[in-house]
């Protein structure tokens, strides 16, 4: 490979500190192929996805403006357009077979209060209630919760927008620090107080233990849970 | 006066946090948004021979590829954006954008990557041995002010050391006093080697980023502790003028130092977006990726020789630190560790030597108490060992060595602003009931034994020279513009209240503007280094004082006399001699707009930063503008100091322990916001317990592969690992170099707790010292059984 070939790449890591000749000899070969010259028109693209059914979820990431007619079922026989009961509303949504509830909530229903901290059921930031029970929505398939009552942090406020007692208590106790785990902590606390309105601090500690907080605000979250129990 | 200092309040951003309305970088959406995924190096050090992306780019829905050639080269040893020579597992090589994330992911999988493996190193001492591997082709260490060099120690250096840390040629050193004389005078000399593990930051929000271009401006949403300070660096990574970057970082889901300033990966979606004509690009970073490229605290291998007088006074310290630096620039933990020793223990004579050795592990950066907290967790148990040998109480030996206001800092022994560590120890000992608890230490009940520990830590906690910017608008409201960032400590808000305090404002009539560079923000320091409380109270004081002076001048212009004749109260400027001669702040704001010039921001002081100048230009004419650089006097290092007290119950059959009680005591000057100080003391304590007892990065020495790429492997503490109630206190003594007496505090709150826990474990074991963090259950069991540990002395990457 000549020096003029190298100039086309100008690679960062390889030339650094190396003699030019050596760098030239070791410059990587990059094959982008003629796919780059193939211009995918929108028409081709939509034809492709209608045929394959593989990337419709991608389009629906961009909001409700997906005008492409959907196939009623995927090749695997799973109905894609389903109804979800989220925060007391019925939401029609196009869901891929392997899609997680967290992704559906965040990217299709605009409910970004549910956070993704690990996407593998370790941290609890994505905690939502399904039938009143805490679930890690990152590890729950959306198709499994059709017809179930799903509650997210956006669904807690009262009819006039007043905060849920747990939310009020978390404000009063300055429970959140960075706030990223907070929606999950709120949902865990709500679920606890729904089934046990007067928990001991130790019961609350165990009930909340599926939710990590790297800021280490555990004491103040527990203060919040106990205050909510007192004041609810 | 408004009397806002030292009072609790509800920070405005907390409502977004509890309702889910707070938007972090991954919560933004825009029409036409693409997703990008990264191709990461599977090897610890390699050179790309070839990349065949043809199949990936032919996939339906794939839009663009971003190669190292497309992004600015970062001169070594800076962290790369993308590279053809990855230096650690998980270093990004290229990115692919597609219409959805699954397609982008599949395209990444379809890339054929041919790598030439290169020498790598995950153990600093191996690299220092004669003929040992280098992490970079151009060397194995970074020498301050010189750059990348190769330093190897001789076989004799290793042979002479035995099980101690060898001490060959250092990369940096300093000394004061005469350590030989100090050791000669000492009644007890301890010489110990130690290891502290490297740890991840585990920020709950991975560093996802989102960017697009519109009308020549780049809009970047990123996870960032800091606002103003991050912008110029991010602009440089992106290759855009700072004034053409709109940087939005209203919320940050944890950073702990790892998101303190601009970092390369945040620029990738901006580069990709530019390549696709400005179309929005979302780059989600996974938890595993966060362990690769999310920075980490460097581990230490150290050697510490200490000489004590019979009363415990430390006469001499000789410290050597080998820092596991990652492959790039790293962070100056080792030097900070040495300086921390100088101020917390005030040794009469001290020498420090250190060397940062490059390893093919994640690039290192600042993590809460960078250097200080490794040092304190290593050294505090050894202070206890000395106390035990000298027959002294653990608190007493710390008291006698505690700094005074006249103590010196670091190798230069420069001045400090104030130090109340001794008062913190006394307050803590009393509130914790140290004497009673110490009396029960070692008591056995069944398989459980009690232990107590006290720990200390330091971090420098203040800066100066940044700008303050406030506005009073014709509706009478005070607008405080802050560029500091929002790490989650609420200090952006508590420090803003100082401007309201100066102007005597009712807090309900104040509004904070922040989080988005288009909102007219001043040039401020980053939200890191425990500096915000000290630094930002000064800037807001300076801006508030400027606004106050302008209010009085406007009153004099309107009502006659001199500005010196006027005072303020209840948001009104009045003539002292005749209080009925008065104008409201609202009227003064209207007058300021009419007067123009410096009153309304049409003219600005010469010494303010260009970023502040642009912001004032944007806001000019909207009200009375108070803007000033913090030119207040600052004489020396501002010490944040903390003491922690722990009691544990350790099960001698399982090696597990329960932390029964914790008390953290802060020397943070005047307490600015009690409730947030309490959360910092407790939260720092939780992080310290994790550092002391669980967390570590692990690398397989044979292949250089990481073993800690999930929260369950790297083990940050959960609710069940820490006490459900943790106590706090503060000495609440004013620092003389801050207009409201405030110092920062965030970082030492971690180190003092971790150190106290390690001391308590050793105390429960009757004085067994591990010389290592973390101390895990099997180490405790081995110690109880009298067995040797499963790791070799100085071994890194252990369980």
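The values are calculated or read from the model by the stated rules, or taken from the named source; none is laboratory data. Remember, it's a predicted structure, so these values are computed and weren't measured experimentally. Here Cβ is always computed from backbone atoms with ideal geometry, including for glycine, and neighbour counts include all displayed protein chains.
Determine whether segment B:111-125 contains at least one residue that is within 24 Å of residue B:267 (Cα to Cα) and touching a residue at least 60 places away in the same chain (Cβ under 8 Å). Give the steps one after another, and end with the answer.
As a first pass, look at segment B:111-125 and keep what is within 24 Å of residue B:267 (Cα to Cα): B:111, B:113.
Applying the additional criterion that residues be touching a residue at least 60 places away in the same chain (Cβ under 8 Å) yields B:111, B:113.
Yes; the residues of segment B:111-125 include at least one that is within 24 Å of residue B:267 (Cα to Cα) and touching a residue at least 60 places away in the same chain (Cβ under 8 Å).
For segment B:64-80: of the residues being touching a residue at least 40 places away in the same chain (Cβ under 8 Å) and facing another protein chain (nearest Cβ under 9 Å), which is surrounded by the fewest Cβ atoms within 10 Å (Cβ to Cβ)? I'd like the intermediate steps shown before the answer.
The initial filter retains those residues of segment B:64-80 that are touching a residue at least 40 places away in the same chain (Cβ under 8 Å), namely B:64, B:66, B:70-72, B:74, B:76-80.
Then keep just the ones that are facing another protein chain (nearest Cβ under 9 Å); that gives B:71-72, B:74, B:76, B:80.
Details: B:71: 26, B:72: 16, B:74: 20, B:76: 23, B:80: 27.
Per the stated criteria, the residue is B:72.
Total residues in segment B:1-40 satisfying the condition of being closer than 18 Å to residue B:205 by Cβ, assigned to a loop (DSSP other than H, G, I, E, B) and facing chain A (nearest Cβ under 8 Å): the figure is 7. Screening segment B:246-270 for residues that are surrounded by fewer than 23 Cβ atoms within 10 Å (Cβ to Cβ) and farther than 30 Å from residue B:357 by Cα and picking the one that is nearest to the other protein chains (Cβ to nearest Cβ) gives B:250. Output yes when any residue across segment A:63-74 is at pLDDT 95 or above and within 11 Å of chain B (Cβ to nearest Cβ), and no when none is. No, every residue in segment A:63-74 fails to be at pLDDT 95 or above and within 11 Å of chain B (Cβ to nearest Cβ). On the stretch given as segment B:213-236, residues that are crowded, with 24+ Cβ neighbours inside 10 Å, closer than 19 Å to residue B:282 by Cβ and more than 16 Å from the chain's Cα centre (by Cα) total 5. For residue A:140, the conditions (1) under 13 Å from the mean Cα position of the chain (by Cα); (2) more than 28 Å from residue A:196 (Cβ to Cβ); (3) away from every other protein chain (no Cβ under 13 Å) are fulfilled apart from (2).
Only one entry of B:30, B:49, B:21 meets the criterion of being without any contact (Cβ under 8 Å) to a residue 40 or more places away in the chain and not assigned by TED's automatic domain parsing to the domain that holds residue B:359, and that entry is B:21. Return yes or no: is residue B:452 over 20 Å from residue B:612 (Cα atoms) and assigned by TED's automatic domain parsing to the domain that holds residue B:427? Taking the combined requirement at face value, the residue satisfies it.
Of the helices (runs of 4 or more DSSP H) that lie entirely inside segment B:673-785, those containing 2 or more residues that are touching a residue at least 40 places away in the same chain (Cβ under 8 Å), away from chain A (no Cβ under 14 Å) and more than 19 Å from the chain's Cα centre (by Cα) span B:748-764, B:777-785. Just one of the numbered conditions (1) touching a strand residue (DSSP E or B) at 6+ places or on another chain (Cβ under 6 Å); (2) under 22 Å from residue B:795 (Cβ atoms) is not true of residue B:182: (2). Working only within segment B:41-63, note down all residues that are assigned to a loop (DSSP other than H, G, I, E, B) and either at the interface with another protein chain (Cβ under 7 Å from one of its Cβ atoms) or at pLDDT below 95 (or both). The answer is B:53, B:58, B:60, B:61.
Within 12 Å of chain B (Cβ to nearest Cβ), modelled with pLDDT of 75 or more and either crowded, with 16+ Cβ neighbours inside 10 Å or closer than 20 Å to residue B:34 by Cβ (or both), is that true of residue A:101? Outline the logic, then answer.
Working: within 12 Å of chain B (Cβ to nearest Cβ): no; modelled with pLDDT of 75 or more: yes; either crowded, with 16+ Cβ neighbours inside 10 Å or closer than 20 Å to residue B:34 by Cβ (or both): yes.
For residue A:101, the condition - within 12 Å of chain B (Cβ to nearest Cβ), modelled with pLDDT of 75 or more and either crowded, with 16+ Cβ neighbours inside 10 Å or closer than 20 Å to residue B:34 by Cβ (or both) - is not met.
Output yes when any residue across segment A:187-205 is closer than 27 Å to residue B:685 by Cβ and more than 14 Å from every other protein chain (Cβ to nearest Cβ), and no when none is. Checked against the condition, which is being closer than 27 Å to residue B:685 by Cβ and more than 14 Å from every other protein chain (Cβ to nearest Cβ), segment A:187-205 yields at least one hit.
Residue-wise test of (1) closer than 19 Å to residue B:3 by Cβ; (2) assigned to a helix (DSSP H, G or I); (3) in the same structural domain as residue B:548 (by TED's automatic domain parsing); (4) in contact with a helix residue (DSSP H, G or I) (Cβ under 9 Å, 6 or more places away or on another chain).
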residue	(1), (2), (3), (4)
B:492	no, yes, yes, yes
B:496	yes, yes, yes, yes
B:501	yes, yes, yes, yes
B:505	yes, no, yes, yes
B:518	no, yes, yes, yes
B:522	no, no, yes, yes
B:526	no, no, yes, yes
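The residues listed here are B:647, B:653, B:633; of these, the one that is under 30 Å from the mean Cα position of the chain (by Cα) and not in a strand (DSSP E or B) is B:633. Among the residues in segment B:440-455, are any within 30 Å of residue B:572 (Cα to Cα) and touching a helix residue (DSSP H, G or I) at 6+ places or on another chain (Cβ under 7 Å)? No, the conditions are met nowhere in segment B:440-455.
Residue B:210 meets each of the listed conditions (1) under 31 Å from the mean Cα position of the chain (by Cα); (2) more than 14 Å from chain A (Cβ to nearest Cβ); (3) assigned to a strand (DSSP E or B) apart from (2).
If you go through segment B:267-285 one residue at a time, how many are under 7 Å from residue B:212 (Cα atoms) and in a helix (DSSP H, G or I)?
If we filter segment B:267-285 for residues that are under 7 Å from residue B:212 (Cα atoms), which is where we start, we get B:270, B:273, B:278-281.
Okay, now just the ones that are also in a helix (DSSP H, G or I), so B:270, B:273.
Matching residues across segment B:267-285 total 2.
Apart from one condition, residue B:600 fits all of (1) over 28 Å from residue B:232 (Cβ atoms); (2) crowded, with 18+ Cβ neighbours inside 10 Å; (3) touching a helix residue (DSSP H, G or I) at 6+ places or on another chain (Cβ under 8 Å); the exception is (1). Using the structure shown, decide if residue B:592 is closer than 22 Å to residue B:468 by Cα and in a helix (DSSP H, G or I). Judged against the criteria, residue B:592 is a match.
Condition check ((1) crowded, with 22+ Cβ neighbours inside 10 Å; (2) within 22 Å of residue B:369 (Cβ to Cβ); (3) within 22 Å of the chain's Cα centre (by Cα)) across all residues:
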site: B:438; (1), (2), (3): no, no, no
site: B:453; (1), (2), (3): yes, yes, no
site: B:458; (1), (2), (3): yes, yes, yes
site: B:466; (1), (2), (3): yes, no, yes
site: B:469; (1), (2), (3): yes, no, no
site: B:473; (1), (2), (3): no, no, no
site: B:487; (1), (2), (3): yes, yes, yes
site: B:520; (1), (2), (3): yes, no, no
site: B:532; (1), (2), (3): yes, yes, yes
